[in-house]
Amino acid sequence: MINPGISQRYAKALIDLSIERQLLEQVYDDMNRLESICKSNPDFRHMLNNPLIRNERKIKVIHALFKDSLQPLTLKYMELLIRKRRESHLDEISKAFNVLYREHKNIRLVYVSSVVPLEDKTRTEIKNIVAGDSGADVRLIEKIDPSLIGGLIIKIDNTLFDDSVRRKLKDLRKEFSSNVFKGSF
């Protein structure tokens, strides 16, 4: 089982070091690339997670694959993860790193589900409302979901705003099913 505290500590160490060395953007790109490779290539993930493969062999594979495409800091970091037997945490570390990166850069992700693509005016209004006085860089992640029937679902951090017709119909159905006057008609 993966301990989230471990992933958080390793991600914090990497982000602090990359800021100190002024390599934050490059390391951010590297971590996203590694996360993408882990998701799309099960063989690579299996190699990293396999306890039967010696650490030295894993490090050689990492260098052979990435010596020309990753920052030296990221390569050294990968070596550290392997030597400390934390390579199986790479996916969680990458996610934690992305959260810390967004906090550092004042970026807020806003997930919007709608029946049809949003109009530019609606996008701008949502961004302005979410940014408020904080001046955050708001990035919308849009999803088309015909099952909503109409309206929007907006998720910001851990808060969900559901103004969909589907939810309103569900609430109405619940209201009618628990109607106390049902028997008197």
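The values are calculated or read from the model by the stated rules, or taken from the named source; none is laboratory data. Since this is a predicted model, take the numbers as computed values, not measurements. Every residue, glycine as well, gets a Cβ built from its backbone with ideal geometry; the counts of neighbours run over all protein chains shown.
Quick look at the numbers
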quantity	calculated
Test: residue in region 108-124 that is of a type in the set (Gly, Ala, Ser), in the same structural domain as Ile149 (by TED's automatic domain parsing) and at pLDDT 95 or above	yes
Region 8-27 - residue that is assigned to a helix (DSSP H, G or I) and either among the aliphatic types (A, V, I, L, M) or not assigned by TED's automatic domain parsing to the domain that holds Ile62 (or both) and, of those, surrounded by the most Cβ atoms within 10 Å (Cβ to Cβ)	Leu14
Conditions (1) touching a His at 6+ places or on another chain (Cβ under 7 Å); (2) of a type in the set (Gly, Ala, Ser); (3) over 13 Å from Ser88 (Cα atoms): number failed by Ser7	(3)
Filter result (closer than 19 Å to Lys170 by Cβ and surrounded by 12 or more Cβ atoms within 10 Å (Cβ to Cβ)) within region 124-154	Asp145, Leu148, Ile149, Gly150, Gly151, Leu152, Ile153, Ile154
Selection count, region 68-123, where residues are under 16 Å from Lys12 (Cβ atoms), surrounded by fewer than 16 Cβ atoms within 10 Å (Cβ to Cβ) and of a type in the set (Val, Ile, Thr)	1
Pair list, Cβ < 8 Å and 6+ apart or interchain, from region 23-49 residues that are among the hydroxyl-bearing types (Ser, Thr, Tyr) to residues that are surrounded by 16 or more Cβ atoms within 10 Å (Cβ to Cβ)	Tyr28/Ser18; Tyr28/Phe97; Tyr28/Asn98; Tyr28/Tyr101
Residue list for region 119-141, restricted to those being touching a helix residue (DSSP H, G or I) at 6+ places or on another chain (Cβ under 8 Å) and under 20 Å from Ser164 (Cα atoms)	Leu140
Any hit, region 80-93, residues being assigned by TED's automatic domain parsing to the domain that holds Ala13, closer than 25 Å to Gln22 by Cα and in contact with a Phe, Trp or Tyr (Cβ under 6 Å, 6 or more places away or on another chain)	yes
Test: residue in region 124-138 that is in contact with a Leu (Cβ under 8 Å, 6 or more places away or on another chain), within 30 Å of Ile15 (Cβ to Cβ) and in a helix (DSSP H, G or I)	yes
Any hit, region 108-116, residues being assigned to a strand (DSSP E or B), under 19 Å from the mean Cα position of the chain (by Cα) and of a type in the set (Ser, Thr, Tyr)	yes
Residue that is nearest to Lys105 (Cα to Cα), among those in region 139-167 that are in a loop (DSSP other than H, G, I, E, B) and more than 19 Å from the chain's Cα centre (by Cα)	Asp145
